[in-house]
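All remarks here apply to the structure that follows.
Values in this text are rule-based calculations from the coordinates and carry no lab data. Note that the structure is predicted; figures quoted are calculated from it, not measured. Methodologically, a virtual Cβ is constructed for each residue, glycine included, from the backbone with ideal geometry; neighbour enumeration extends over all protein chains shown.
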Amino acid sequence: MSKYRKHVRVITLLFLYLTVVSLVFPLFMLWRGVHAGKADLLSMIDWTAERPFVSRTLLPTAVRAVDEGSGPVLDALGVEPADTPLAWLGTFVLRRTRAPEWTFAHSYTYGIYTLLSILCLLGWLFSMRALIASQYPDMPGFVSDLAPVIGALVIPVLFFRYVSFIYDPMTLFMFAFCFYLIATRRYLPYALVFPLAVLAKSTAIVLPLVLIVRDFKSGDRRHLALLTAYQIAVFIGVSLLLRDLFGDNPGGEIVNQIRNNLQVGLTAGVYVKSLTPMLPLALLMAFRWRTKPAFLRWSFLVVAIPLLGASLLFCALGEMRDYYEVYPLALLLAIPSAVEVFGMDGGQVPRSDVRSLP
């Protein structure tokens with residue numbers, strides 16, 4: 001590919017991905033939980049939110065660092081935060097999402113959060129693109145370019161239920177990026193990123209399972225054991241640090257949802273609302289399941305099963321955002337089926353199938 005063609009492709013992809021993010025992010029901001037609740041934006045940033053939410057601190061702390069770090073710079077320049085492009089961005093998003101009136105006094109902070117969240121969502125898109133290309137190198141290039149777009153566009157339909165938490169964009173990005181580093185055996189960068197993944201969300205404890213799946217048969221067992229021990233030590237160390245830092249915050253280490261889930265689980269509505277949108281993705285994943293890469297199949301299972309178990313105990317039943325972590329693997333398993341079903345592998349959808357479409 002010539003340099004000119006490559007540059008055009010990158011610029012076009014960046015524009016396309018930014019367009020998708022500009023559609024998805026405002027929808028995310030419309031849900032309750034962003035401006036008020038146990039883990040709203042401002043309380044997460046100033047570290048006063050309830051546990052366990054406050055411990056999912058990577059994105060909120062990044063916003064805090066930029067907010068506090070930019071203060072002296074703006075003072076030296078004689079510029080008020082409200083007069084900066086970040087404040088204009090925050091005001092624009094708040095206005096478009098019909099945020100409460102009081103939030104506009106914090107437009108600069110919301111602008112920082114918007115920018116970092118957009119970067120997280122872009123990071124998810126590019127991580128997915130690289131992940132798809134690494135797992136399906138024989139597929140046409142446009143599949144890895146465009147599949148993340150479709151995956152991002154359906155996020156509101158699949159996952160936006162009941163509430164949004166401000167750390168969700170980082171959860172999406174961090175897990176897709178870590179899956180890519182594990183899948184391509186870039187273990188030094190992964191070892192550096194893993195502590196950040198734990199700071200993003202404690203569900204990063206499932207990542208060592210993915211690494212074990214990747215290298216248990218084909219890798220160096222000693223190296224695998226050392227890397228696994230490192231991840232466990234980092235997880236324990238970061239968890240203790242967060243407990244010490246936020247131990248005086250209200251709330252607890254977990255949110256017990258067993259009684260609520262038992263009550264809600266007796267109603268059919270929660271399954272209809274939560275599972276029906278997932279049906280097309282589930283069908284694509286299940287289609288020719290045994291022909292999918294073993295690494296992806298086993299990785300999906302070792303991530304999805306613990307998440308499901310934890311969600312039944314500690315999360316609201318039907319709150320699909322609890323499964324952001326496994327979404328990249330679900331997409332990867334669905335892609336070969338979508339390519340085959342829609343004839344993107346060079347084949348054609350049979351005419352009988354075309355005529356039967358609505």
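Tabulated results
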item	result
For the stretch 57-71, Karplus couplings with θ = phi - 60° (6.51, -1.76, 1.60), whole Hz, Gly/Pro x	9, 4, 5, x, 5, 5, 4, 4, 4, 5, 4, 6, x, 7, x
Choice from Phe159, Phe216, Phe179 showing the highest fluctuation, given a GNM over the chain with Cα pairs closer than 10 Å	Phe216
Trypsin sites (Lys or Arg not before Pro) within the stretch 42-99: DSSP coil, no more than 15 neighbouring Cβ in 10 Å	Arg98
Relative contact order (%) - the chain, alpha-carbon pairs under 8 angstrom, separation at least six	20
Sparse-neighbourhood loop sites, trypsin sites (Lys or Arg not before Pro) in the stretch 1-54 - DSSP loop, at most 11 other Cβ within 10 angstrom	Arg32
Gyration tensor verdict on the stretch 12-124 (Cα atoms; rounded if a/c is under 1.5, prolate if a/b is larger than b/c, oblate otherwise)	rounded
Gyration tensor (alpha-carbon) shape descriptor, the chain, a/c threshold 1.5	rounded
Anchor Lys38: lysines whose Cα lies under 18 Å away (excluding residues fewer than 8 positions away in-chain)	Lys201
Listed residues Ala282, Ala204, Ala334, most fluctuating in the chain (Gaussian network, C-alpha, under 10 Å)	Ala282
Anisotropy class of the stretch 109-257 from Cα gyration tensor, a/c 1.5 cut	oblate
Whichever aspartates and glutamates have a C-alpha closer than 17 Å to that of Lys273, once near sequence neighbours (fewer than 8 apart) are set aside	Glu319, Asp322
Distant-in-sequence amide H partners of Arg51 (H built 1.01 Å from N, under 5 Å)	Gly251, Gly252
Estimated dipole of the chain in Debye, rounded to 20 [Cβ of Lys and Arg +1, of Asp and Glu -1, Cα centre]	1320
Nearby aspartates and glutamates by direct alpha-carbon distance to Lys292 (threshold 17 angstrom, same-chain neighbours under 8 apart not counted)	Asp138, Glu340, Asp345
Fluctuation leader among Phe15, Phe235, Phe28 - the chain, Gaussian network, Cα springs under 10 angstrom	Phe15
Trypsin sites (Lys or Arg not before Pro) within the stretch 149-238: DSSP coil, no more than 10 neighbouring Cβ in 10 Å	Lys217
Listed residue (Tyr167, Gly318, Pro85) projecting farthest to the positive dipole end of the chain, Cβ model	Gly318
Calculated from backbone phi, Karplus (6.51, -1.76, 1.60) coupling profile of the stretch 191-206 in Hz, x at Gly/Pro	4, 6, 7, 4, x, 5, 4, 5, 5, 6, 6, 5, 5, 4, 4, 7
